[in-house]
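Take this structure, written in structure tokens, and hold onto it; I'll ask about it next.
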Amino acid sequence: MERKTPVLYIVIPCYNEQEVLPLTAPQFLSKLQDLTAAGKIAPESRVLFVNDGSRDDTWAIIQSLAAQDEHYAGICQSRNRGHQNAVLAGLMEAKDRCDITISIDCDGQDDINAMDAMVDAYLDGCEVVYGVRSSRQTDTFFKRFTAESFYKLLNAMGAEVVFNHADYRLLSSRVLQEFANFKEVNLFLRGMVPLVGFKSTSVAYERHGRLAGKSHYPLSRMLTLAFDGITSLSVRPIRYITGFGVLVALVSFAGVIWAVVQALLGNTVSGWASTTSIVCFVSGVQLVCLGVIGEYIGKIYMETKARPRYIISERTPNMPKPEEKEP
Ligand code: UDP
Ligand code: MG
């Protein structure tokens with residue numbers, strides 16, 4: 001399928017990235033220029049930074065980049081809302097201004113050279129192109145183990161995600177128009193994108209170490225993200241609880257019969273330890289189950305409030321107007 005040369009917006013969330021941004025910003029720009037020179041993307045393409053309420057000089061750096069070169073543009077969130085919301089803000093801003101977006105982190109970890117293959121796949125007719133890590137050589141054993149367990153756990157719990165794919169992906173504005181109708185407040189983008197459908201493919205890339213600065217995703221935040229992902233996308237944990245409840249009930253029933261038979265036979269002994277253990281075990285199980293169900297109720301509570309998922313407080317002056325996009 002022949003497509004017209006697309007306008008590309010590279011969407012980059014940034015939170016306290018003053019150390020790494022001056023290093024990676026020129027790399028994104030030169031990638032944009034290379035792709036333009038190769039005739040794969042239109043010259044109106046942009047590098048779009050989303051400042052996620054940084055407390056350091058990140059926004060000042062973005063503003064000065066935008067003043068230097070019109071291919072840099074930036075939007076600023078009114079406060080820190082987290083990576084997923086920052087990416088969403090950027091994608092929603094971009095969707096009426098471009099034909100395709102590529103979301104990528106600003107720390108240089110994801111190989112920007114994979115963008116060529118992503119754009120090629122779009123030109124071949126794909127609407128979604130997932131960046132998939134080919135290896136995790138540079139990650140520590142611990143990071144690799146926890147990250148890979150993360151994907152396995154998500155899939156086991158019914159949240160379908162592409163293995164080893166994070167948030168480095170190409171989305172066409174066609175897909176983003178549909179994606180805008182997914183109104184949920186609890187965001188887990190990598191699980192939501194496959195639900196939109198459309199023709200998709202993957203591109204493998206090498207994941208490097210961070211160029212500068214430090215990660216915002218320690219193990220605790222990864223666990224939160226995994227739990228959020230599961231409970232946002234799937235009710236399988238509740239179903240497992242039901243199954244487990246049935247199992248415990250059956251075992252208890254057998255226990256009751258056994259106890260009655262023992263009592264009739266006159267074998268009753270003062271079983272304080274066993275009684276206490278059972279009470280403790282079952283109440284522990286019940287609390288865990290209540291917690292999981294409570295988590296879903298919490299999600300429903302947040303969804304019913306339907307608060308805005310992002311608030312843009314500022315845009316760089318060179319940000320094109322949505323209606324300026326050519327038909
Ligand atoms: N980030 C963000 N808001 C946050 C935390 C992180 O926009 O609250 C951005 C951050 O600037 C980076 C990306 O999300 O571009 C990924 O974060 P990081 O590199 O710290 O995570 P890791 O790669 O270690 O998983
Ligand atoms: Mg990173």
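Read the figures in this text as sums done on the coordinates, not as results from a lab. Fair warning: this is a prediction, and the values are worked out from it, not measured in the lab. Don't worry about glycine lacking a Cβ; one is built from the backbone with ideal geometry, like all the others, and counts go over all protein chains shown.
Quick one: which residues, 5 or more positions from Val203 or on another chain, have an amide H under 5 Å from its amide H? H modelled 1.01 Å from N in the peptide plane, none for Pro or chain starts.
Under 5 Å from the amide H of Val203: Tyr130, Gly131, Val132.
In what sequence do Met302, Met192 fall when counting other Cβ within 10 Å, fewest first?
Taking fewest neighbouring Cβ atoms as first place, the list is Met302, Met192.
Taking 25 °C and 0.890 mPa s as the conditions, I'd like the Stokes-Einstein D for the chain in µm²/s, using the Kirkwood hydrodynamic radius from alpha carbon pairs.
The calculation lands on 110 µm²/s.
Another question, then. What FRET efficiency, computed as 1/(1 + (r/R0)^6) with R0 = 22 Å and r the Cβ-Cβ distance, is obtained for Ile311 and Leu23, rounded to the nearest 0.05?
So the FRET efficiency works out to roughly 0.15.
Out of residues 5 or more away from Leu211 or on other chains, whose amide H comes under 5 Å of its own, with H placed 1.01 Å from N in the peptide plane?
Gln109
Whole-Hz ³J(HN,Hα) for each residue in the range 89-98, computed from phi via Karplus 6.51 cos²θ - 1.76 cosθ + 1.60 with θ = phi - 60°, x for glycine and proline: what do you get?
So the J values, rounded to whole Hz, are 4, x, 5, 5, 5, 7, 4, 9, 10, 9.
Moving to a separate point now. Given the C-alpha centroids of the range 29-56 and the range 234-290, what is the distance between them in whole angstrom?
60
Kindly write out, for the range 250-259 in residue order, the coupling ³J(HN,Hα) from the Karplus curve 6.51 cos²θ - 1.76 cosθ + 1.60 (θ = phi - 60°), rounded to whole Hz, with x marking Gly and Pro.
With the stated coefficients, the range 250-259 comes to 5, 4, 4, 4, 4, x, 5, 4, 4, 5 Hz.
What is the sum of charges, Lys and Arg at +1 and Asp and Glu at -1, for the other residues whose Cβ falls under 14 Å from the Cβ of Leu35?
Counting the neighbours of Leu35, the net charge comes to -2.
Continuing with this model, one more query. Residue-wise, which Karplus ³J(HN,Hα) couplings in Hz belong to the range 36-53, taking 6.51 cos²θ - 1.76 cosθ + 1.60, θ = phi - 60°, and x for glycine or proline?
5, 4, 6, x, 8, 10, 7, x, 7, 5, 9, 9, 10, 8, 10, 7, 8, x
Can you give the FRET efficiency to the nearest 0.05 for Ala42 and Leu211, using r as the Cβ-Cβ distance and R₀ = 41 Å?
About 0.90, to the nearest 0.05.
Fully extended, how many nm does the chain gain between Thr268 and Phe145 (0.36 nm per residue separation, minus their Cα-Cα distance)?
39.3 nm is the gain from fully extending Thr268 to Phe145.
Find how much the distance from Asn155 to Ser277 grows on full extension, using 0.36 nm per residue of separation minus their present alpha carbon separation; answer in nm with one decimal.
So the extension gain works out to 40.5 nm.
Measure up Lys40/Lys183; Lys4/Lys95; Lys143/Lys299 against 26 Å on the Cα-Cα distance and list the ones that go over.
Distance filter (> 26 Å) returns Lys40/Lys183; Lys143/Lys299.
Taking amide H positions as placed 1.01 Å from N in the peptide plane, with prolines and chain starts having none, which residues 5 or more places from Arg46, or on another chain, fall under 5 Å of its amide H?
When sequence neighbours closer than 5 places are left aside, the close amide H contacts are Leu8, Tyr9, Ile10.
Can you spot the aspartates and glutamates whose alpha carbon is less than 14 Å from Lys152's alpha carbon? Ignore those fewer than 8 places along the same chain.
Glu160
Can you pull out the trypsin sites (Lys or Arg not before Pro) in the range 29-88 whose DSSP state is coil and whose Cβ has at most 15 other Cβ atoms within 10 Å?
Arg55, Arg79
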